[in-house]
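Working notes, structure below.
Here, each number is a calculation from the coordinates, and none is a lab measurement. Model, not experiment: these values are computed from the prediction. Cβ atoms come from the backbone with ideal geometry, glycine included; neighbour counts cover every protein chain shown.
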């Protein structure tokens, strides 16, 4: 998500994600003549240890509780929960299957409906 819309307090992280998306889209163009597809998965707030550390960090910076930060993330998500690792894995499974064989150069949002444009 940060690679599509930026992220407060995380300019360095967002820049790296913008780079991954641009790199992937360029590879998709270069590899298409060989039948090789390249796509990105752009997850939202994924429930992981990394996210837990980010919630702690943001709570400290904003001087609010961790539970308030997590609640805000959930409220920002139209589907009303954090992204589970299975949600991301299911997308990888789709992209590795024949169902996505005509999809290339895409950056897929797995955000629970958070708009990134």
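By the compact-protein rule of thumb, 2.2 N^0.38 Å, the alpha-carbon radius of gyration of the stretch 62-101 corresponds to a ratio of 1.70. Estimated from the Cβ-Cβ distance and a Förster radius of 25 angstrom, the FRET efficiency linking residue 59 and residue 20 is about 0.40.
Give me the Debye-computed log₁₀ of I(q)/I(0) at q = 0.16 Å⁻¹ for the chain, equal point scatterers on Cα only, no solvent, two decimals. Each listed q maps to, in turn, -0.81. Placing a label point 7 Å from the Cα of residue 115 along the Cα-to-Cβ line, the residues of the stretch 1-28 whose backbone N sits under 19 Å from it are 1-8. In percent, rounded to a whole number, the relative contact order of the chain is 36, using alpha-carbon pairs under 8 Å and six or more apart.
Subtracting the Cα-Cα distance of residue 48 and residue 10 from their residue separation scaled by 0.36 nm leaves 11.9 nm.
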